[in-house]
Each structure stands twice: as C-alpha cells, then as structure tokens.
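Just below is one structure, and these are the notes that go with it.
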Amino acid sequence: MPHAATTAALLFVAGVAGGVIGTAGGITSLVAYPALLLTGISPFAANVTSSVALIGSGLSSASRAAPDLVGHATTLRRWMPVSVACSLAGAVLLIVTPSEAFDRIVPFLVAAGALILLLQPAITGWQERHGRGWTPAAVTTGVGGVALYNGYFGAGSGILLITLLMFTSEPVLHRANALKNVILVASDILPAVVFALRGTVVWGAAIPLGLGAMLGGVIGPTIARRVPHRLMRWLIASCGFALAIWLFIQP
C-alpha cells in the first residue's frame, strides 16, 4: 500500500508539472510519459494511459482559452473536424498495427517540430517577402497529418500543431498555444474512448496523473500569457528537443 501511495503521489506531481508545461506551450508528454514508464508500465500502455489522463489538462486549459480565441471562429470550424477525424483514425491505427517501425521516426518528427518552431520567424519573413503562403489543401494536409500522429502516438503533437498554427493562422505564440489546447482536447476525446473500451488504460495510474494534469492545466495558460514570446519559444523548443532525445534512447 505505501508503494501504491508513493506511485500515485509521483504521478500526481508529474501530472501537475506536465499540465503546466503542456498548456503553457510545451509538451505534456515530456513529463507524463517518462513518469508512467518509471512506474513499470509498458510503453504501449503508458502511451494510451497518458492520452486518457491528459484530457483533464486539455479541458482545464481550454476552459481558460476564450480571451485568446477572439477572431478565430473560422479557424476552429475548419480545423476541428479534420483534427477530430484524423486523431480517431490514428488511434484505430495504433490498435490494429505494430508500432515498432513508427516508433523510430517519432523522435525525428518531434525534433523537427522544435527546430522549425525556432526558425518560424525567419521562415515566415521569407514567405512574406516572396509571396509564398500555404494553400488550403496544404493546410488541410498538415492538420490531418499532425492529428493522425496525435491519435497514434501523441508525444510532441502539440509542438507540431503550434508550429503549423503560427505559419498559417496565428503568429502570436500564446494565442497559437490557446488554439492548440482547444483543438487537441477536442481531438483527444474519441481516441480516449477507443482506448478505454479496449481495456488498455491503466486506471490506477491514469486517475492521479489526470487529476494533477487538470490542476496544471489551470495554471499553465496564465504562465503562457506572461512569459516573453522569445523566451517562451526557446522553452517550448527545448522541451521538444528533450523529448526527442528521451524517445530516441528508449529501447
């Protein structure tokens, strides 16, 4: 029993930290996923358990996003259906296919997202000077790809979505982060239902992690609005690189 209580406390603290990091613009999985692995949960179970538990973080952060969503009703109407459908497809794909080959690609995807986020101001400036923008088809493809990955694995999908939003819809980082929080929480609900029905969620770990993440999700948006954009960009990218390294060295 003491061991179970200690594990629950560890996961609650990890949830709070992950919720703050994730909803403030970083990557919730940077803390949550390794914490679940440290408790002895298998990588597959840790993945789906994290996906379910962190909905609490998304819900609490999304509830505080309204001030940053002004003027983005069209973005949400266009992106949300694609993101929800593709995230569900990713969750189904995870269940019916082996993940070994894809697992080796994930660290590079996360690292690429972090690098592109750092380079985004320079790339956007070049696009504006040369009149090169994103076509609607390219935006839809990008959203669908990130959402498919989000449902399949999820770790680092937030940084990919923030980067895509800043290139196409919202150049202000904390507002792009708020949009990301709302889109991802809507996209995570159906995959969570699929994982729960499949019986692959470790509920003893998901509950304390989720409660902590919910608390962290309340705190995170306030931090995101107060941190200078340049510093926030570097902090998010650092989280991305750290997660990429962690995922690369895991067997």
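Each value in this text was obtained by applying a stated rule to the coordinates, not by laboratory testing. Since the model is a prediction, treat every value here as computed from it, not as a measurement. All Cβ positions, even for glycine, are placed from backbone atoms using ideal geometry, and neighbour counts span all protein chains on display.
Computed values, structure above
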item: Relative packing of peptides 190-199, 79-88 - highest average C-beta neighbours within 10 Å first; result: 79-88, 190-199
item: Projected label distance in nm at residue 140 and residue 6, using a 7 Å step from Cα toward the beta-carbon; result: 5.4 nm
item: Helix 203-226 axis, angle to the chain major axis (alpha carbon atoms, nearest 10°); result: 30 degrees
item: Calculated P(r) tail over 24 Å for region 126-247, as whole % of Cα pairs; result: 36 percent
item: Percent of Cα-Cα distances greater than 30 Å, calculated over the chain; result: 19 percent
item: Net dipole in debye of the chain [+1 Lys, Arg Cβ; -1 Asp, Glu Cβ; about Cα centre; nearest 20]; result: 540 debye
item: In order through region 178-186: 3J(HN,Hα) via Karplus (6.51 cos²θ - 1.76 cosθ + 1.60), integer Hz, x for Gly, Pro; result: 5, 4, 4, 4, 5, 5, 6, 5, 5
